[in-house]
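For reference, the structure is listed below as structure tokens.
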């Protein structure tokens, strides 16, 4: 008797499902794993560097910390609301976009998300490769390729392994950051730094924007890692577990960056890995810190790789009308994406990657409107009433192109252009705002309101209840 997907899902170490619906018989897991996954994804060096920017660009320590925390809660609420879609729908994140954009139209934001995944994976491979190179006494290029091979293996194993890795990485990350904070303030006074307060609106808004944009960037990820939870899992509890895991982890890492930048000045900027390792003192402790930096990038880089596989499979399925992905095709998708990312990391060991990361940050403006439209549709109109079989049928309920959703999305992208501030591009209105990028605010509010006003046809298209493949 041939094995079903349900039987194979329980009998193999490799994940069987990809963008297809996860039936109730395969649901498992709890909220603790959601918390530890997103805690570990944020306890890493890139978050440290992001937090340090608040001070590097002129903010004081106290108001930078307050602004970062405020941004964490704003952006964290947005990203965590996406997570609740996972257990309700049993689907990965980006395929649900077909409800708002059409089966073919959903490819527009997915292309941008794939570019983001490649850029962030390249960044992770580069930073982890530098740390591994020092730890193992090999060249950075060799270490990057080795780290990439590890990411391929973790991604191929899939959901369960990624969550297990998150639990381990959260423990390693907490221990590493406790040690680093103790060493950082072993000879310095935290109270003196906090007492030096010079509030400026521009610096405060910059701190808010840094952390809010960081959190919102996780929007295309989160349902991928909550879709196996039992359907009866409480929506508020899913939002709380994911949101607080991400908020706590990123605030810890960014706060360390703030204090390190304030204490070290130019000794920290562009020398982040070396500065962190210097806190170890002895060779053995320095080696452990190199390991923690590399290990801290494993979880979030695996999330990027796994998400890119889901997104690429979603695009292909729009034309093939099939949601099942074989293990071989899965491996080819993953090898292709990680291979491109490793190549970019090797080429970008000096200057190229910095420019490429700036381009990736510009892509935030491309999927922030997607986030607003997706959330308004789910919480205000469809409320889990999805027709799952129709998501792969261009002639079905959702059609090929939903011009209302696509038009609002394009308006949401274009209206942000004057407010974007990166080294890659700076909008004409940024100077009047003191150099602060508020594009993410505009990109959430404007398309969200437009879709709430003009997108009510989505409510009429929705079936009376969630329609599953077995019910079609």
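Here are the numbers:
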read-out	value
Odd one out for residue 104 among (1) more than 25 Å from residue 246 (Cβ to Cβ); (2) part of a helix (DSSP H, G or I); (3) touching a residue at least 60 places away in the same chain (Cβ under 8 Å); (4) over 19 Å from the mean Cα position of the chain (by Cα)	(2)
Selection status of residue 148, over 30 Å from residue 326 (Cα atoms), within 19 Å of the chain's Cα centre (by Cα) and buried (at least 24 other Cβ atoms within 10 Å of the Cβ)	no
Odd one out for residue 219, checked against (1) out of contact with any helix residue (DSSP H, G or I) (no Cβ under 6 Å at 6 or more places or on another chain); (2) buried (at least 24 other Cβ atoms within 10 Å of the Cβ)	(1)
Meets criteria (surrounded by fewer than 18 Cβ atoms within 10 Å (Cβ to Cβ), more than 21 Å from residue 107 (Cα to Cα), in contact with a helix residue (DSSP H, G or I) (Cβ under 7 Å, 6 or more places away or on another chain) and at pLDDT below 90) for residue 460	no
Filter result for the condition that a residue is at pLDDT 85 or above, more than 30 Å from residue 376 (Cα to Cα) and surrounded by 13 or more Cβ atoms within 10 Å (Cβ to Cβ), over 181, 268	181
Pair list, Cβ < 9 Å and 6+ apart or interchain, from segment 345-368 residues that are on the phi > 0 side of the Ramachandran plot and part of a helix (DSSP H, G or I) to residues that are buried (at least 21 other Cβ atoms within 10 Å of the Cβ) and modelled with pLDDT under 60	none
Residue match in segment 113-134 (condition: within 17 Å of residue 332 (Cα to Cα), assigned to a helix (DSSP H, G or I) and free of Cβ contacts under 8 Å to residues at least 40 places away in the same chain)	no
Selection count where residues are assigned to a loop (DSSP other than H, G, I, E, B) and in contact with a helix residue (DSSP H, G or I) (Cβ under 8 Å, 6 or more places away or on another chain), scope segment 396-437	20
Of the criteria (1) exposed (fewer than 15 other Cβ atoms within 10 Å of the Cβ); (2) more than 20 Å from residue 365 (Cβ to Cβ), which one residue 414 fails	(2)
Any chance residue 285 is surrounded by fewer than 17 Cβ atoms within 10 Å (Cβ to Cβ), part of a helix (DSSP H, G or I) and either at pLDDT below 90 or under 20 Å from the mean Cα position of the chain (by Cα) (or both)	yes
Qualifying positions in segment 236-257 - out of contact with any helix residue (DSSP H, G or I) (no Cβ under 7 Å at 6 or more places or on another chain) and either more than 30 Å from residue 64 (Cβ to Cβ) or free of Cβ contacts under 8 Å to residues at least 40 places away in the same chain (or both)	236
Odd one out for residue 451 among (1) within 19 Å of residue 105 (Cβ to Cβ); (2) under 28 Å from the mean Cα position of the chain (by Cα); (3) surrounded by fewer than 15 Cβ atoms within 10 Å (Cβ to Cβ)	(3)
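Okay, residues lined up against (1) at pLDDT below 90; (2) within 27 Å of residue 209 (Cβ to Cβ); (3) in a helix (DSSP H, G or I):
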residue	(1), (2), (3)
7	yes, no, yes
13	yes, no, no
46	yes, yes, yes
70	no, yes, yes
75	no, yes, yes
97	no, yes, yes
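Let's see how each residue does on (1) under 22 Å from the mean Cα position of the chain (by Cα); (2) modelled with pLDDT of 85 or more; (3) part of a helix (DSSP H, G or I):
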site	(1), (2), (3)
206	yes, yes, yes
227	yes, yes, no
238	yes, yes, yes
243	yes, yes, yes
264	no, no, yes
298	yes, yes, yes
304	yes, yes, yes
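The values are calculated or read from the model by the stated rules, or taken from the named source; none is laboratory data. These figures come from a predicted structure and were not determined experimentally. FYI the Cβ positions are ideal-geometry reconstructions off the backbone, even for glycines, and counts take in every protein chain you see.
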